[in-house]
Amino acid sequence: MPNPENAARIFKVLSVDTRVRLIELLKHRCLCVNALAKSLDISPAAVSQHLRILRDADIVVAEKRGYFVHYRVNAETLDQWRKIAEKLLDQKPATTFILAGN
């Protein structure tokens, strides 16, 4: 069973559709705030606020390139989150009980 606090944190981060869209965009390539804002049709300030939350959750990594900061998905964290979600949503019992015979 996944740690309930970790699972709740993951789903809280993913509970905002803009953050999900940001992750989806960043899975394909690195982008800066202005490119993300243009793709999502929201302000750069709004993108920055969402990226701060995603960085704090370690799902997005910032890389300085000249005057700009480009963002990418942290593949390791994404894989960990996928495993946690799979464990939580798996319909099989976490443990198997052995029934004693008569």
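What follows is calculated from the coordinates using simple rules that are stated; it is not laboratory data. Just so it is clear, the structure is predicted and the values come from calculations on it, not from any experiment. In this analysis, Cβ positions are derived from the backbone assuming ideal geometry, glycine residues included, and neighbour counts consider all displayed protein chains.
Scanning the stretch 19-38 for residues that are farther than 19 Å from Ala75 by Cα and loosely packed, with under 14 Cβ neighbours inside 10 Å gives Asn34, Lys38.
What about His70, is it over 22 Å from Asp17 (Cβ atoms) and not basic (Lys, Arg)?
Details: over 22 Å from Asp17 (Cβ atoms): yes; not basic (Lys, Arg): yes.
It is true that His70 is over 22 Å from Asp17 (Cβ atoms) and not basic (Lys, Arg).
Against the condition among the small types (Gly, Ala, Ser) and under 14 Å from Trp81 (Cα atoms), how does Ala57 come out, does it pass? Considered against the rule, which asks whether it is among the small types (Gly, Ala, Ser) and under 14 Å from Trp81 (Cα atoms), Ala57 comes out as yes. Across the stretch 68-77, the qualifying residues are those that are surrounded by 16 or more Cβ atoms within 10 Å (Cβ to Cβ) and touching a residue at least 40 places away in the same chain (Cβ under 8 Å), and the one among them that is farthest from the chain's Cα centre (by Cα) is His70.
Tell me which residues, restricted to the stretch 68-80, are closer than 24 Å to Asn3 by Cα and outside any helix (DSSP H, G or I). Give the steps one after another, and end with the answer.
Our first condition is that a residue be closer than 24 Å to Asn3 by Cα; within the stretch 68-80, this holds for 73-80.
Val73, Asn74, listed by residue number.
Screening Arg82 on (1) of a type outside the set (Phe, Trp, Tyr); (2) in contact with a helix residue (DSSP H, G or I) (Cβ under 9 Å, 6 or more places away or on another chain); (3) loosely packed, with under 13 Cβ neighbours inside 10 Å shows it passes everything except condition (2). For beta carbons closer than 6 Å, sequence separation of 6+ or different chains, a first residue in the stretch 17-29 that is free of Cβ contacts under 8 Å to residues at least 24 places away in the same chain and a second that is not in a helix (DSSP H, G or I), the qualifying pairs are Val20/Leu14.
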